[in-house]
Amino acid sequence: MWWFTKGKRIEIWDEDIQWPIGDIEAVHRIRDICAAAADSAEKVGGFADRADNTKKKYETERYERAAKTAMEIAFKISDDLMRDSAVRQIVNLCVKANNLRTARILLRAIQSASIREDMLNDHPILRQ
């Protein structure tokens, strides 16, 4: 039975991308990456007082790989609004992981004033 095999799990952010991809496909891929890594980001955000280092390390590495891949894809998007929308997804992922430093840096990369204001309204902690 195939589900009992102990192969390494391939994550969506570890899959090779056949460049060039279009802006729409890139935004969809970033959305999928952020959705797949949301559970790890939430766990990383809740690990502040836990001592279970092996689980913490696994979830942190998983979140960081996903965020890094999403950022690499996002900054290759040529359309400004689509890039801003993709970066918004990544900022939401960073906030879930309580990675406010990266979230604030990415927030500054958003050029659209309306998207930036929506992000600040959704996450007032980023105003500081």
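A short reminder: the numbers here are calculations on the coordinates, not readings from a lab. Only a predicted model underlies this, so the values are computations on that prediction, with no experimental measurement involved. With ideal geometry, Cβ positions are generated from the backbone for all residues, glycine too; neighbour counts draw on all protein chains shown.
I need Thr54, Thr60 ordered by Cβ neighbour count within 10 Å, fewest first. All intermediate terms of the calculation are to be shown ahead of the outcome.
Numbers: Thr54 7, Thr60 18.
Sorted ascending by nearby Cβ count, the order is Thr54, Thr60.
Where does each of Asp23, Asp84 land when they are ranked from fewest to most other beta-carbon atoms within 10 angstrom?
Details: Asp23 15, Asp84 20.
Placing the least packed residue first, the sequence is Asp23, Asp84.
Arrange the following residues from fewest to most other Cβ atoms within 10 Å of their Cβ: Cys94, Cys34.
Final ranking by Cβ density, sparse to dense: Cys34, Cys94.
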